[in-house]
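Working notes, beginning with the structure itself.
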Amino acid sequence: MFLKVLTGIMIPFIGTMSGSSAIFLIKKDVSVKIKNILSALAGGIMLAASVWSLILPSVEAEEGVLQTVSGVLTGVASMIWADRAVDRALSRCEKYTLYARKTLMQLIAVTVHNIPEGMAVGMVFASVLAGATEGDFSSAFLLSLGIAAQNIPEGAIVTMPLMAENADRRKTFLWGFASGIVEPLGAIIAILAAEFMSVILPFFMSFAAGAMIYVVTEQLIPDMYEKTKRKGSITLLFSVGFLLMMSLDVIFG
């Protein structure tokens, strides 16, 4: 039983790693046009993930909107504070760049998003362990597989913008690894403290949504229109990313 649960909570992490490995398919010296495309797709994916993967499940779990609203607002406010703190910290470094700040903020947002997602998986396996049957395990594994499918584009949005700035591939992949490893850790915490986590999980999910919304509006949307006259095409790509992530959430959610 232990091996089954361990396998189940690791599956979403494998999905994140699969998406992060997309950097090995991208050539170096990426043009501004490609940067615009990557930012547009990443923005659409993150916005859809914040709604379908986090806000809507938070509302359903709470059966109300109070925790969800407060969580989103707290998430946005926290990212504003973190953005300023990161800016002050990096300004002391000689190699400080605006891109370094943007990259770090995006990594923080995706990592924060993965924590409650991992906790949600842990909650499902905790309920299975309370009265485990073969059918319950099958349902839990299907949920993990669904989240893994959603995590593939999410893993890509951590690493692909880094590669757009010609970062080292191996180091970039490690950033993707760091953003994904919090999922099984969150699942383990949820299993060990299932009763307590069921109360606060809606808030954590909406908090993560607020963090992602901040990054999309503050960084990715401005970036995707930088130095381009084809704003209509970029908006269309943003919509494609949004619809892709929405479809995965609806199909596997």
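Among Ala77, Ala85, Ala61, which is the only one that is among the aliphatic types (A, V, I, L, M), modelled with pLDDT under 85 and open to solvent by 50 Å² or more (accessible area, probe 1.4 Å)?
Matching residue, one of Ala77, Ala85, Ala61: Ala61.
Considering only region 223-232, state which residues are surrounded by 14 or more Cβ atoms within 10 Å (Cβ to Cβ) and either free of Cβ contacts under 8 Å to residues at least 60 places away in the same chain or aliphatic (A, V, I, L, M) (or both).
Met224
Output yes when any residue across region 207-217 is open to solvent by 10 Å² or more (accessible area, probe 1.4 Å), touching a residue at least 60 places away in the same chain (Cβ under 8 Å), of a type outside the set (Val, Ile, Thr) and assigned to a helix (DSSP H, G or I), and no when none is.
Checked against the condition, which is being open to solvent by 10 Å² or more (accessible area, probe 1.4 Å), touching a residue at least 60 places away in the same chain (Cβ under 8 Å), of a type outside the set (Val, Ile, Thr) and assigned to a helix (DSSP H, G or I), region 207-217 yields at least one hit.
Taking region 25-56 on its own, how many of its residues are open to solvent by 10 Å² or more (accessible area, probe 1.4 Å) and either at pLDDT 80 or above or not hydrophobic (A, V, I, L, M, F, W, C) (or both)?
Summing the residues that are open to solvent by 10 Å² or more (accessible area, probe 1.4 Å) and either at pLDDT 80 or above or not hydrophobic (A, V, I, L, M, F, W, C) (or both) in region 25-56 gives 16.
Out of the residues in region 88-114 that are assigned to a helix (DSSP H, G or I) and charged (D, E, K, R), which is modelled with the lowest pLDDT?
So the residue we want is Arg101.
What are the residues in region 215-240 that are under 17 Å from Ala109 (Cα atoms), polar (S, T, N, Q) and touching a helix residue (DSSP H, G or I) at 6+ places or on another chain (Cβ under 7 Å), if any?
Gln219
Is it true that Leu220 is crowded, with 24+ Cβ neighbours inside 10 Å and either in contact (Cβ under 8 Å) with a residue 24 or more places away in the chain or part of a helix (DSSP H, G or I) (or both)?
yes
Considering only residues that are part of a helix (DSSP H, G or I) and either crowded, with 19+ Cβ neighbours inside 10 Å or small (Gly, Ala, Ser) (or both), which ones fall in region 184-195?
Pro184, Gly186, Ala187, Ala190, Ile191, Ala194
When residues of region 201-238 are filtered for being hydrophobic (A, V, I, L, M, F, W, C) and more than 26 Å from Met79 (Cα to Cα), how many remain?
1
Quick test of your reading of the structure: Ser198 fulfils all but one of (1) of a type in the set (Ser, Thr, Tyr); (2) over 26 Å from Thr74 (Cα atoms); (3) open to solvent by 30 Å² or more (accessible area, probe 1.4 Å). Name the failing condition by number.
The failed condition is (2).
Among (1) of a type in the set (Gly, Ala, Ser); (2) within 15 Å of the chain's Cα centre (by Cα); (3) not in a helix (DSSP H, G or I), where does Gly64 come up short?
(2)
The values are calculated or read from the model by the stated rules, or taken from the named source; none is laboratory data. From a predicted model like this one, the values you see are computed outputs, not experimental measurements. Cβ coordinates were reconstructed from backbone atoms using ideal geometry, including for glycine residues, and neighbour counts include every protein chain displayed. Protein only, heavy atoms only, side chains kept; ligands, DNA and RNA dropped before computing areas. Shrake-Rupley method; radii C 1.70, N 1.55, O 1.52, S 1.80 Å.
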